[in-house]
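Read the figures in this text as sums done on the coordinates, not as results from a lab. Here the structure is a predicted model, which means the values were calculated and not measured. Neighbour counts are summed over all protein chains in view; Cβ atoms, including those assigned to glycine, are modelled from backbone coordinates with ideal geometry.
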Amino acid sequence: MRSLAAVIKAELGKPVVPGEILAAAGDVEAFNGRETRELTVKNVADRPIQVGSHCHFFESNHALTFDRAQAFGFRLCIPAGTAVRFEPGEDKRVTVVALAGKRVAYGINGLTEGSLDDAQVKARALSLAGTRGFSGKGGVR
């Protein structure tokens, strides 16, 4: 039985380099066909806030003011593993993209806890955002 390295070397016609990444030909189309929206976000805190790529943006830090109803079921439209930093007092325009997969959200700030496509879950989450002091439309601050 030949080693994997020997098989790859035979296919490529060159030696395998440890850690080398062999990308397929063509371009990767991220978020292809998914709904996007633009939101204006303001950090009303006294320190910077970062939001990661896979955070359900609706549930992000309570000191970020934006239209939370419009952000329900969306995340930042940025590459996986990255984040956006919001400086104190800063207004920033961001693009969000619809979450995919099973479209359920649990955790973060415990506002959603269910299906993103269920109107009752959304109504409950918006109500909780308001009572828990989350900033912006859909919140009360």
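Between Leu39, Leu12, Leu111, where does the largest GNM mean-square fluctuation fall for the chain, given springs only between Cα atoms within less than 10 Å?
Leu12
Using the charge dipole of segment 1-108 (Lys, Arg: +1 at Cβ; Asp, Glu: -1 at Cβ; taken about the Cα centre), state which of Leu4, Val41, Val97 has its Cα farthest towards the positive end.
Leu4
Using a 7 Å offset from the Cα along the Cα-to-Cβ direction at both Phe31 and Ala119, what is the distance between the two label points in nm, to one decimal?
Calculated label separation equals 2.8 nm.
Springs between alpha-carbon atoms under 10 Å, Gaussian network over the chain: tell me which of Asp118, Asp27, Asp46 tops the mean-square fluctuations.
Maximum among the listed residues: Asp27.
Take the chain, mark every one of the chymotrypsin sites (Phe, Trp or Tyr not before Pro) that falls in a DSSP loop and has at most 16 other Cβ within 10 Å, then report the longest stretch left between them, sites excluded.
32-105
With axes computed from alpha carbons, what is the tilt in degrees of helix 119-131 against the longest principal axis of the chain, rounded to the nearest 10 within 0 to 90?
The answer is roughly 60 degrees.
If a paramagnetic tag sat 7 Å from the Cα of Glu87 along the Cα-Cβ line, which residues of segment 41-79 would have the backbone N under 13 Å from that point?
43, 47-49
Could you compute the FRET efficiency for Val16 and His54, with r as their C-beta to C-beta distance and R0 at 30 Å, rounded to 0.05?
Taking R0 as 30 Å, the efficiency between Val16 and His54 is 0.40.
Find, to one decimal place in angstroms, the Kirkwood hydrodynamic radius of segment 1-51, where the mean of 1/r is taken over every pair of different Cα atoms and then inverted.
Computed over segment 1-51, the radius equals 16.7 Å.
Just to be sure I understand: with springs between alpha-carbon atoms less than 10 Å apart, which residue in Ala123, Ala71, Ala23 has the highest mean-square fluctuation in the Gaussian network model of the chain?
Ala23
In whole percent, what relative contact order does the chain give with Cα contacts below 8 Å and a gap of six or more residues?
23
About its Cα centre, what dipole magnitude does segment 50-141 give when the only charges are +1 on Lys and Arg Cβ and -1 on Asp and Glu Cβ, stated in debye to the nearest 20?
60
Rounded to the nearest 500, what is the 222 nm mean residue ellipticity of the chain from helices alone, with -39500 (n - 2.57) per DSSP H run of 4+ residues and division by all residues?
-5000 deg cm²/dmol
Dividing the alpha-carbon Rg of segment 34-131 by 2.2 N^0.38 Å yields what?
My calculation over the Cα atoms of segment 34-131 gives 1.01.
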